[in-house]
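The values are calculated or read from the model by the stated rules, or taken from the named source; none is laboratory data. Since this is a predicted model, take the numbers as computed values, not measurements. All Cβ positions, even for glycine, are placed from backbone atoms using ideal geometry, and neighbour counts span all protein chains on display. These accessible areas exclude ligands, DNA and RNA; they are computed on the full protein's heavy atoms, side chains included. Shrake-Rupley method; radii C 1.70, N 1.55, O 1.52, S 1.80 Å.
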Amino acid sequence: MPLTLEIVTPEAKVYSDTIDSVVIPTVEGEIGILPGHIPLLTQVAFGELRVTKGGTTHFLAVSGGFAQVDDLNVRVLAEHAITEEKIDENAVEAAMKRAEQELKASKDMDPQQYEHLQSMVRYSGVQLAVKRRKR
Amino acid sequence: MASTRDIRRRIKSVKNTRQITKAMELVAASKMKKAQSVALAGRPYAQLMADMLAALAPRVSEAQHPLLVQREVKVRGILLVTTDKGLCGPLNANLFKLVTEIKTPAKYVAIGRKGTQFLARTKRDVLADFTVSDRVGFNEVKAPVEFMVKLFLEGTIDTVEVIYPRFKNTLIQEALVRPVLPLTTVKDFVSHLRADYGGVQFKDDRDMLFEPDADAVLAALLPFYVNRYIYQLVVSAKASEQSARMVAMKTAKDNATKLLGDLTLEYNKARQAGITQEILEIAAASFSSS
């Protein structure tokens, strides 16, 4: 019984495949999903999402969102998601630095802007962690 | 009959107009493609969100989240989504018609310069106005939405409704009033969404696990949802704008081409009349001298 996993962001469907198992980062810690899981709706946290298929494990970086599990379907709704292969380390690092600098530079920033930058820094951090885990 | 010089002048100006409208049509067409693809790319996301809300809805008691509470409507909150620029046919005028039909007290928030101008002209109570770029980003829409949600929670306004041109297809955009808040009952809202996006029915009716718990998930999902939903409406409005502009410009171009044909014919007639006249005069002169 294979699981189907779908990861959807506002821009596109990032991932859609049948898999063996998946580990999702949630606000209460990581949660592993195998086929036949009880229906579940949970909040997804910033972190790495591990997909196991045929003995190999793939890694994805996700930002906050929601995940719904029912029996043989796992669907993840995230603001951003990217597969490990697509992460451009240099670009992410540069983006992270820019965001951090902006955060430091202005004291009385618009709170929304602040929040946006902070989430960008966190997402960048997650992407770097996923990319560099093998070294 | 107008002199040939006058006609020539008109032909020149009509030609210029045609050139400009043709260019604008092409620009709008390419922008329309982009806007439409953005609107379509957001669909699986909106669908999935509706599904989640549908799964959640029967399992939480209603009217415990402030966004779900139905209050007596004293002041309506209207978000008017219009374009920044004109030259897009009757698109904005149709939206304004809907606004003028509102007789009960209401406060307005405008997205787009045309709407701001209209509301100012008709002396309506405008709380704020925003502009968004053509390639509208989620963060641009977040500001006006969160502003309105805040007012809603404070009680300044009792509803949040969006007036926008819904994108049906390239030729048809309909002006609509879409109520967003309060989400009277989640179920209504979900069925409404399903009609829009045609999502799948949630089949599994076993007990569902919520982490951390149902209320917490609802509290996180709802505000997020409102943001996303209105964003989707704005994206749809952008697609409408570009389509309407493209169609308006195409009509203008076609009209110019037709006018050009008529004018050219008239010009040729005038020119021929002039030549005939000259020949007559020469003939008459040679007759009288011989």
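Once the Cα atoms are used to define both axes, helix A:89-105 deviates from the longest principal axis of chain A by about 50 degrees.
Candidates B:V99, A:A12, B:V162 compared by Cα position along the dipole of the protein assembly as shown: farthest toward the positive end lies B:V99, with charges placed on Cβ. Pairs from the table (B:K74/B:K103; B:K12/B:K253; A:K13/B:K168) lying more than 20 angstrom apart at Cα are A:K13/B:K168. Electrostatic tally near B:G155: other residues with Cβ closer than 14 Å to its Cβ, Lys and Arg +1, Asp and Glu -1, net +2. Listed peptides B:46-58, A:28-40, B:88-100 appear in the order B:46-58, B:88-100, A:28-40 once ranked by packing, highest mean of other Cβ atoms within 10 Å at the front. For region A:3-85, the calculated P(r) over all alpha carbon pairs, in 10 Å bins from 0 to the bin holding the longest distance, is 20, 61, 19, 0 percent. A simple packing score, the average count of other Cβ atoms within 10 Å per residue, orders the peptides A:109-120, B:14-25, B:235-246 as B:235-246, B:14-25, A:109-120, with the highest score first. Evaluated with a Cβ-only charge set (Lys, Arg +1; Asp, Glu -1), the protein assembly as shown carries a dipole of roughly 2340 debye about its Cα centre, given to the nearest 20.
Remark: region B:131-146, residue by residue, has Karplus-estimated 3J(HN,Hα) of 10, 10, 6, 5, 8, 5, x, 4, 5, 5, 7, 4, 4, x, 5, 5 Hz, where x stands for each Gly or Pro and the curve is 6.51 cos²θ - 1.76 cosθ + 1.60 at θ = phi - 60°. Shape annotation for region B:105-186: C-alpha extents along the principal axes are 39, 36, 26 Å, from largest to smallest.
Simple spin-label estimate for B:D207 and B:Q70 gives 3.1 nm between the two label positions (7 Å along the Cα-to-Cβ direction from each Cα).
Beyond 30 Å between alpha-carbons counts as too far, so tell me which of A:K97/B:K33; B:K150/B:K238; A:K107/B:K150; B:K22/B:K114 fall in that bin. Too far apart for the 30 Å limit: A:K97/B:K33. For the pair A:M109 and A:T57, a Förster radius of 30 Å applied to the C-beta separation gives a FRET efficiency near 0.15, rounded to the nearest 0.05.
In the full protein context, region B:19-70 carries 48 Å² of accessible surface per residue, based on a 1.4 Å probe and ignoring ligands, DNA and RNA.
At 4 °C and 1.567 mPa s, grab the translational diffusion coefficient of chain B from Stokes-Einstein with a Kirkwood Rh over Cα pairs, rounded to a whole number in µm² per second.
58 µm²/s
Could you sort B:130-139, B:33-42 so that the peptide with the highest average Cβ count within 10 Å comes first and the rest follow in order?
Numbers: B:130-139: 14.3, B:33-42: 16.6.
Most protected by this proxy first, the peptides run B:33-42, B:130-139.
Here B:K258 is the anchor, and the aspartates and glutamates within straight C-alpha reach of less than 16 Å, apart from those fewer than 8 places off in the same chain, are B:E266.
An ellipsoid equivalent to the protein assembly as shown, defined through the eigenvalues of its Cα gyration tensor, has semi-axes of 56, 27, 21 Å when rounded to whole angstrom and sorted largest first. Projected label points at B:N94 and A:E11, each 7 Å from Cα along the beta carbon direction, are separated by 3.2 nanometres. Interface residues of region A:1-44, defined as those with an accessible-area decrease of at least 40 Å² between the chain by itself and the complete set of protein chains (probe 1.4 Å), are A:V8, A:P10, A:E28, A:I38, A:P39, A:L40, A:L41, A:Q43. Relative to the longest principal axis of the Cα atoms of chain B, the long axis of helix B:186-197 makes an angle of roughly 30 degrees. What the pair-distance distribution of region A:88-132 shows, using all Cα-Cα distances binned every 10 Å from zero, is 30, 50, 18, 2 percent. Taking the C-alpha atoms only, the angle from helix A:111-132 to the longest principal axis of chain A is near 60 degrees. Peptide A:65-78 is shielded by partner chain Cβ atoms: per residue, an average of 4 of them sit within 10 Å of its Cβ.
Here the protein assembly as shown exposes an accessible surface that is 55 percent carbon and sulfur, computed with a 1.4 Å probe and the other protein chains kept in place.
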